[in-house]
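To start, the structure itself, in structure tokens.
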Amino acid sequence: MEFRRLGASGFTVPALSFGAGTFGGEGEFFKAWGGSSPEEASRLVAICVEAGVTMFDTADIYSGGASESVLGQALKPHARDGIIISTKATFRAGGEANNVGSSRQHLIEAVEKSLKRLQTDYIDLFQLHGFDAKTPAEEVLSTLDTLVRAGKIRYVGVSNFSGWHLMKSLAVAEKYGYPRYVANQTYYSLVGRDYEWELMPLDLDQGIGAVVWSPLGWGRLTGKIRRGLPLPAGSRLHDTESFAPPVDEDRLYRVVDALDAIALETGKSIPQIALNWLLQRPTVSTVLIGARNEQQLRQNLDAVGWHLSEEQVAKLDVASAVTPPYPYYPYWNGQFTERNPPAV
């Protein structure tokens, strides 16, 4: 397994990491996502560790905390210093008034609860699951600084932030000497390239590594969704499509057609090609893969150890391209490319 630096930090992470959102299966949404039992989770974790996939990502709200609990139990047989645990907090995690957001009260409580569920003394990477406009950035970052100094978390990151959210936070960290965010857990796929417009250039400039979630476009790039055919019976999109980032169907099938052509050239599967494309993009530190079963996991693990050719990458770039919004659309880029070279 290839290891990469997490942004501009001195910490390295595997190119592929495991997303444990399928662990637990509590509630209708997460049940549709996946419901790996403790026994199944232990088997998937063991396969990952054997393959060098040693980073595991979860969140306090996944299955109401059950994902963290199942992951913590599954990790017990493995040496802690060889495992990287990543989790998140900010979204509402209970009915009390302060069980939400990035206040000092909620973050400290959330970290303590996560540590207990994960059965560990520290979290390697702790990320804010979303931006909290009601809590001053100074309060958020001073709290994270306290948690780092206490040894309860080691690196900090964000998820689902806009460019100005992230840059404002970095400016506050710089001003007061608080820990800088080194990870940006972001949605990025061949059918979701919004990350490239603003966040990728920002991450390049500020030394932040992308931790990519839903790299198969919320299950649309599994190779099972085909033009003119109904959704497969086992697709989670039946139950979760209303929560998924939207994708224009014409562009989806254009991308699938390009993936089909490259699959014939390479002998690789559609998911493997989609993952490999991401691994060649700037700023990407690690791509989170999920799996409901061993077969899916082993297939995703084969996305590493080989590279798409420049011609194949270009073919996928063209098939998945969309016109970005102002001020990023081609007219302005065409005028100012000399002074503002694109990230990709």
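The values are calculated or read from the model by the stated rules, or taken from the named source; none is laboratory data. For clarity, every value in this text was computed on a predicted model and none was experimentally measured. No Cβ is skipped: glycine too gets one built from the backbone with ideal geometry, and neighbour counts run over all protein chains shown. Only protein heavy atoms, including side chains, enter the accessible area calculation; ligands, DNA and RNA are left aside. Shrake-Rupley method; radii C 1.70, N 1.55, O 1.52, S 1.80 Å.
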Computed about the Cα centre, the charge dipole of region 261-344 from +1 Lys/Arg and -1 Asp/Glu charges at the Cβ has a magnitude in debye, to the nearest 20, of 220 debye
Taking protein heavy atoms only, a 1.4 Å probe, and rounding to whole percent, the accessible area of region 70-163 owed to carbon and sulfur comes out at 50 percent
Mean accessible area per residue over region 95-232 (1.4 angstrom probe, all protein chains present, square angstrom) is 42 Å²
Burial-style ranking of 61-73, 268-280, average other-beta-carbon count within 10 Å with highest first, yields 61-73, 268-280
Probe 1.4 Å, heavy atoms of protein chains only: per residue, the accessible area of region 252-344 in Å² is 53 Å²
Checked against a 18 Å limit on the C-alpha separation, the offending pairs among Lys134/Lys175; Lys113/Lys168; Lys113/Lys134; Lys113/Lys152; Lys224/Lys268 are Lys134/Lys175; Lys113/Lys168; Lys113/Lys134
The relative contact order of the chain, taking Cα pairs under 8 Å that sit 6 or more residues apart, comes to a percentage of 17 percent
If one builds a Gaussian network model of the chain from Cα atoms under 10 Å apart, the most fluctuating residue listed among Ala110, Ala46, Ala133 is Ala133
Of all DSSP beta bridges having both residues in the chain, the percent classed as antiparallel (nearest 5) is 10 percent
Taking the chain and counting helices only, DSSP H stretches of n ≥ 4 at -39,500 (n - 2.57) each over all residues, the nearest-500 ellipticity at 222 nm comes to -12000 deg cm²/dmol
Note to self: Kirkwood Rh of region 121-235, Cα pairs, one decimal, Å, is 15.8 Å
Among Thr135, Gly163, Thr146, the residue whose Cα sits farthest towards the positive end of the charge dipole of region 127-166, when +1 is placed on the Cβ of each Lys and Arg and -1 on the Cβ of each Asp and Glu, is Thr146
Ranking Tyr195, Tyr329 from most to least accessible area with a 1.4 Å probe gives Tyr329, Tyr195
Both in Å, the radius of gyration and Dmax of the C-alpha trace of region 53-144 are 13.2, 41
